[in-house]
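Have a look at the structure below before the remarks.
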Amino acid sequence: MKIYPIILAWGSWTRLWPISRKYNPKQFIKLDELNWTSLFQKTIQRALNIWEKEDILIVTNKDYMFSCKTQAEEIWVKLEDSQILIEPMAKNTLGAITFWMKNIPDNSFWLILNSDQLMENEEILISAINEAKNVAEKSLVTFGIEPFCPHTWYWYIEAIKEWKAPFKVVNFKEKPKKELAEEFIKKWYLWNSAIFLFSKETYFSELKKHNKEVYDIFENNIDINAIFEKLPDLSIDYGLFEKSDNIYLTPLPIYWNDLWSFEAIDDYLKKENFENKNIISIDSNNNFTLSEVKNKKIALIGIEDCVIIDTKDALLVAKKWESQKIKEVMNILKDEKSELANYGTTVYRPWGSYTIIDEWVGFKSKRITVLSGKKLSLQMHYHRSEHWVVVSGTWEVTIWDEVIIVRKGESVFIPAWEKHRLENKWKVVLHLIESQIGDYLEEDDIVRFDDDFWRK
């Protein structure tokens, strides 16, 4: 039977604020420290080491659909709409995986991958998958990572260690305290990598036996909206794997990190001997400092055991052991209805992105990037005029019924109330500077008449 991958491309973003925001979560972030390749792109590349691009399936939501497609295209992978499942509402991993499993061919294996994990020595993963295939025909298989420290944020798996893997799973242990984690390591418990392998037949057999509620929802409904409205909010771990007695564990002797926190990023960069040459450290020790601003010098004097995260619109300073309280910061920002929880200064759109350069009363300046073959909506603004200057590339501007070709160094003025559209028909990515002048400059001052991306 053939193995197909399902990539889960959504999840929590709060622990890595302010570099991670609601509409640009950690799986899509690109950092110099990670060679400007996102975790999502690394996962796609990992899948392509085993499968053809047509075999890859993605689970995400409507907010991240275009990020998935755009970032895949950046590494020369075109994802068709039929390869992407858009959840109508967030109901965790059990519902999303079951929906794909219901709509895929019989007599096949399915490997579940998360899009926010970092792995090395991926050829070992390929070998482990092939070794587990025979067991996965009749059982659920999970892959475990040998702990390199007594981590308190990961799940642990207890299994019966025999002479050859896969090993029979005895129990799952959820996020223990440090002392208990140390005991788990001594007893050869492994971290749960949340990578799973099983056949369609076995999956639904186990689901029917251990979670009849979810099984019946899928048996008695066809429409995706009706299904998700009825589904409980359950992970596949809680909803199936913890309940089943037919689970086997395959160890993965590789470096693995899901970059769940700044401490986790720090651990990885230390392993890589990464040196941030923009940090000046005087009488300071054991700090993790990251800046979104390229080549920005940061001086630390008499600072110890801190996380310092600097972005263009926010600054986080916390003791390392207190960084889990970032969620409390998120709650305050949400209560204030602050956009800092949702967006950074760079905002990603289906057609490209824009970065706010400067703003003041009645004025806002943006750097806009339009990808090849993309166009903005046909739109109008009530409260602002716009002046566009081409930095690189060539673009086509429609103002009412007039079409203008604008090249590098040229500019166009769009008065308020004028219907207009910008399109990049060329293969070169377009960059321009937009200056907005008006009494109201927020993003909701857009009236769309036509849009390739179905926005209102």
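In table form, for the structure just shown:
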| quantity | calculated |
| --- | --- |
| Share, in percent, of DSSP beta bridges within the chain that are antiparallel, nearest 5 | 70 percent |
| Gyration tensor (alpha-carbon) shape descriptor, region 275-335, a/c threshold 1.5 | oblate |
| Euclidean distance of C-alpha centroids, region 131-178 and region 13-34, integer Å | 28 Å |
| Computed magnitude of the charge dipole of region 2-257 (debye, nearest 20; Cβ of K, R +1, Cβ of D, E -1) | 420 debye |
| 16 Å Cα-Cα reach of residue 187 towards aspartates and glutamates, excluding residues that sit fewer than 8 places from it in its own chain | 146, 158, 162, 174, 179 |
| Rel. contact order, % - alpha carbon contacts under 8 angstrom, at least six apart, region 346-450 | 36 percent |
| Reported label for calculated volume of the Cα convex hull per residue in Å³ given [x] 167; [y] 321; [z] 158 | [x] |
| Longest segment of the chain lacking chymotrypsin sites (Phe, Trp or Tyr not before Pro) that sit in a DSSP loop with at most 12 other Cβ atoms within 10 Å | 164-381 |
| Helix runs (DSSP H) in the chain reaching 18 Å along axis by Cα, Kyte-Doolittle at least -1.0 | 122-136 |
| Length-normalised contact order for the chain - Cα pairs under 8 Å, 6+ apart - percent | 14 percent |
| Ranking of 98, 398, 14 by count of other Cβ atoms within 10 Å, fewest first | 398, 14, 98 |
| Pairs beyond 19 Å (Cα-Cα), from 296/325; 312/408; 312/366; 138/186; 91/175; 374/427 | 296/325; 312/408; 138/186; 91/175 |
| Partner lysines for residue 133 [C-alpha distance under 23 Å; skip if fewer than 8 residues away on the same chain] | 2, 53, 102, 161, 164, 168, 200, 208, 209, 243 |
| Loop-located GluC sites (Glu not before Pro) in region 100-139 whose Cβ has at most 16 other Cβ within 10 Å (DSSP) | 120, 137 |
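None of the figures in this text is laboratory data; all of them are computed from the coordinates on show. These figures come from a predicted structure and were not determined experimentally. Using ideal geometry, Cβ is built from the backbone for each residue, glycine included, and neighbour counts are taken over all protein chains shown.
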